[in-house]
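*Asks:* Mind looking over this structure? Questions follow.
The values are calculated or read from the model by the stated rules, or taken from the named source; none is laboratory data. Quick caveat: nothing in here was measured; it's all calculated off a predicted structure. Note that we place each Cβ from the backbone using ideal geometry, even for glycine, and neighbour counts take in every protein chain shown.
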2 protein chains.
Amino acid sequence: MIVGSEITSIRSARVKAARQLARRSARQRSRLFLAEGPQAVREALARPGRAVTELFVTASGGSRYEEIAADAAADGVPVHAVSGEVMAELAQTVTPQGLLAVCRFVDLPLEKIFSEGTPRLVVLLANVRDPGNAGTVLRTADAAGADAVVFSDASVDPYNGKCVRASAGSLFHLPVVVGTPLGEAASALREAGIRVLAADGGARRELDELDAAGGLRRPTAWLFGNEAWGLPSDLLVLADEAIAVPIYGRAESLNLSAAAAVCLYASARAQGARRAARAGDSAAAG
Amino acid sequence: MIVGSEITSIRSARVKAARQLARRSARQRSRLFLAEGPQAVREALARPGRAVTELFVTASGGSRYEEIAADAAADGVPVHAVSGEVMAELAQTVTPQGLLAVCRFVDLPLEKIFSEGTPRLVVLLANVRDPGNAGTVLRTADAAGADAVVFSDASVDPYNGKCVRASAGSLFHLPVVVGTPLGEAASALREAGIRVLAADGGARRELDELDAAGGLRRPTAWLFGNEAWGLPSDLLVLADEAIAVPIYGRAESLNLSAAAAVCLYASARAQGARRAARAGDSAAAG
């Protein structure tokens with residue numbers, strides 16, 4: 001199952017090649033990235049289209065997650081045994097979990113997200129620079145049942161190791177679009193009949209008011225900006241409307257991941273209510 | 001305004017004494033902690049009861065945030081000029097912002113949170129070990145208008161530097177209780193007529209269902225556990241009910257700060273709706 005003997009040198013050509021993928025330029029050249037830990041590797045292997053090109057395992061990782069390594073080998077993925085030191089070099093985490101996959105990029109062109117009808121819930125990340133924040137929003141979007149997440153050109157690379165980790169496997173779950181200029185993405189979404197709402201703490205209209213007015217039921221793209229920057233006016237003009245998550249206490253603002261969770265779950269709830277109402281309609285009609 | 005000349009040695013007694021507060025044991029002995037950056041320092045100074053005992057500023061921090069240093073001096077707080085190197089040593093951040101305060105502990109005994117009537121919305125942190133997560137939940141609780149946050153005895157120290165930073169000033173905004181055994185806190189809350197809801201991804205009852213049934217309108221304490229652990233059964237028995245944030249997509253779970261944001265804003269909305277309904281009642285009666 002395991003190819004060759006244990007790699008113990010961080011200077012091995014294979015390790016060096018994988019280690020390079022910590023750099024964005026190397027990732028973009030090869031369209032490959034690293035996914036660390038059992039959850040990410042499991043999700044990558046479960047994805048159709050052979051997302052995993054190589055798997056590195058330590059002795060303890062290989063015995064602890066034997067079924068993952070076996071699944072990879074059964075799929076024809078080369079599995080390399082590595083020492084703990086080599087894994088530490090590759091994984092860029094304080095406590096690597098003994099499994100690390102080299103994966104093919106999973107992003108799609110923007111137009112693909114419209115190929116199966118109008119998406120109902122989309123996330124558009126504008127200038128989100130912190131990879132942990134971006135990955136957490138991706139995970140929350142997945143949990144809220146979003147149809148796609150668009151990382152616009154000025155946002156962090158979703159294949160950054162911290163973003164992959166924070167997404168907790170969600171990078172492999174839902175359509176992700178990378179590098180589209182923000183204005184282009186907003187136009188395409190709007191042309192597809194999706195309302196673009198900018199989450200902005202300074203907006204006059206509040207989320208609950210929009211929700212009560214039924215404004216969250218239609219297909220929506222939430223535009224989220226960098227926490228520290230908020231949304232500058234040149235981004236706000238790209239949205240149909242700016243909406244604030246209300247602050248009931250004395251905090252100045254919410255952090256990005258908390259604000260995104262509140263907005264996305266409000267949309268999911270409102271759209272779920274719409275689905276239930278539709279089901280009720282057809283029941284009443286039938 | 002500034003006391004003495006610039007401190008340039010990290011071996012100065014004053015710097016060493018402050019630096020020790022990075023350790024929990026030193027904080028607990030002195031009941032003092034460090035708050036870094038303009039936002040935290042401003043909030044600490046705004047707090048009644050002289051929370052700040054000393055302020056360290058770099059030349060650039062002192063000129064950039066002149067009004068903060070002036071406010072501190074006007075309040076009789078000793079302001080010490082320090083070199084960039086000394087600030088880096090004290091601040092424990094990659095990019096210190098040139099201002100750092102030594103503050104008195106701000107937590108209250110548990111019974112104090114009942115002193116002004118029954119709190120409507122309380123957060124109870126059980127075994128939350130990651131200081132960034134805990135601080136973000138504290139900030140979200142503040143934003144959602146919670147009345148208090150209880151860090152139970154097995155949770156991270158809220159005075160940990162990362163937690164203080166992630167709270168973005170909220171540590172100084174709302175009543176915080178530290179170190180109460182979890183069972184004792186849950187009992188006291190329940191005796192005060194507050195329903196204790198455990199946020200648990202595995203719970204059978206979902207948040208939206210409880211909300212629709214009116215179950216979020218009454219005074220509520222949300223019990224949140226460590227993300228990695230979830231809530232073990234010995235914690236679940238402390239709650240009146242376990243409630244799941246629904247997962248609409250394929251994510252396995254939400255991270256703690258996203259789940260807390262969804263739960264706390266659902267409560268805030270439901271309780272706000274109750275207040276509005278009451279206001280409507282009295283208008284109708286009048």
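*Asks:* State all residues of the range B:11-63 that are part of a strand (DSSP E or B) and of a type in the set (Asp, Glu); if no residue qualifies, say none. Talk me through it step by step, then tell me what you get.
*Replies:* Going residue by residue through the range B:11-63, those that are part of a strand (DSSP E or B) are B:32-36, B:52-57.
Correct list: B:36, B:54.
*Asks:* While we're here: Would you check if residue A:187 is out of contact with any His (no Cβ under 6 Å at 6 or more places or on another chain), polar (S, T, N, Q) and over 28 Å from residue B:268 (Cα atoms)?
*Replies:* yes
*Asks:* Out of everything in the range A:156-170 that is of a type in the set (A, V, I, L, M, F, W, C) and touching an Asp or Glu at 6+ places or on another chain (Cβ under 8 Å), what residue ends up being nearest to the other protein chains (Cβ to nearest Cβ)?
*Replies:* A:168
*Asks:* Give me a count of the residues in the range A:209-230 that are farther than 23 Å from residue B:168 by Cβ and without any contact (Cβ under 8 Å) to a residue 60 or more places away in the chain.
*Replies:* Number of matching residues: 10.
*Asks:* Is one or more of the residues making up the range B:88-105 more than 12 Å from chain A (Cβ to nearest Cβ), hydroxyl-bearing (Ser, Thr, Tyr), within 17 Å of residue B:39 (Cβ to Cβ) and not in a helix (DSSP H, G or I)?
*Replies:* Within the range B:88-105, one or more residues are more than 12 Å from chain A (Cβ to nearest Cβ), hydroxyl-bearing (Ser, Thr, Tyr), within 17 Å of residue B:39 (Cβ to Cβ) and not in a helix (DSSP H, G or I).
*Asks:* Can you name the residue in the range B:129-155 that is touching a strand residue (DSSP E or B) at 6+ places or on another chain (Cβ under 8 Å), more than 13 Å from chain A (Cβ to nearest Cβ) and surrounded by fewer than 23 Cβ atoms within 10 Å (Cβ to Cβ) and, of all such residues, is nearest to residue B:106 (Cα to Cα)?
*Replies:* Ranking the candidates gives B:153 first.
*Asks:* Let me ask something else. Determine if the range B:113-120 includes at least one residue that is outside any helix (DSSP H, G or I), within 14 Å of another protein chain (Cβ to nearest Cβ), within 24 Å of residue B:268 (Cα to Cα) and not small (Gly, Ala, Ser).
*Replies:* Yes - at least one qualifying residue is present in the range B:113-120.
*Asks:* With the structure loaded, tell me whether residue B:223 is buried (at least 23 other Cβ atoms within 10 Å of the Cβ), out of contact with any Pro (no Cβ under 6 Å at 6 or more places or on another chain) and under 20 Å from residue B:138 (Cα atoms) or whether it fails that test.
*Replies:* The answer is yes for residue B:223.
*Asks:* Considering only the range A:245-262, state which residues are among the aliphatic types (A, V, I, L, M) and under 23 Å from the mean Cα position of the chain (by Cα).
*Replies:* Matches in the range A:245-262: A:245, A:254, A:256, A:258, A:259, A:260, A:261, A:262.
*Asks:* If only one of B:282, B:257 is away from chain A (no Cβ under 11 Å) and either surrounded by fewer than 24 Cβ atoms within 10 Å (Cβ to Cβ) or modelled with pLDDT of 90 or more (or both), which one is it?
*Replies:* B:282
*Asks:* Which of the following residues is basic (Lys, Arg) and surrounded by fewer than 16 Cβ atoms within 10 Å (Cβ to Cβ): A:27, A:11, A:42?
*Replies:* Selected residue: A:11, the only one of A:27, A:11, A:42 that is basic (Lys, Arg) and surrounded by fewer than 16 Cβ atoms within 10 Å (Cβ to Cβ).
*Asks:* Residues in the range B:107-126: is at least one aromatic (Phe, Trp, Tyr) and either touching a Gly at 6+ places or on another chain (Cβ under 7 Å) or surrounded by 24 or more Cβ atoms within 10 Å (Cβ to Cβ) (or both)?
*Replies:* Taking every residue of the range B:107-126 in turn, none turns out to be aromatic (Phe, Trp, Tyr) and either touching a Gly at 6+ places or on another chain (Cβ under 7 Å) or surrounded by 24 or more Cβ atoms within 10 Å (Cβ to Cβ) (or both).
*Asks:* Oh, and also: Filter the range B:243-254 for residues that are more than 8 Å from chain A (Cβ to nearest Cβ) and in contact with a Cys (Cβ under 9 Å, 6 or more places away or on another chain) and give the result.
*Replies:* Hit for the range B:243-254 is B:243, nothing else.
*Asks:* Which condition from (1) within 14 Å of chain A (Cβ to nearest Cβ); (2) at pLDDT below 95; (3) buried (at least 19 other Cβ atoms within 10 Å of the Cβ) is the one that residue B:176 breaks?
*Replies:* (2)
*Asks:* In addition: Residues to consider are A:37, A:84, A:76; find the one that is outside the structural domain of residue A:156 (by TED's automatic domain parsing), at positive phi, free of Cβ contacts under 8 Å to residues at least 60 places away in the same chain and not aliphatic (A, V, I, L, M).
*Replies:* A:76 is the lone residue from the list that is outside the structural domain of residue A:156 (by TED's automatic domain parsing), at positive phi, free of Cβ contacts under 8 Å to residues at least 60 places away in the same chain and not aliphatic (A, V, I, L, M).
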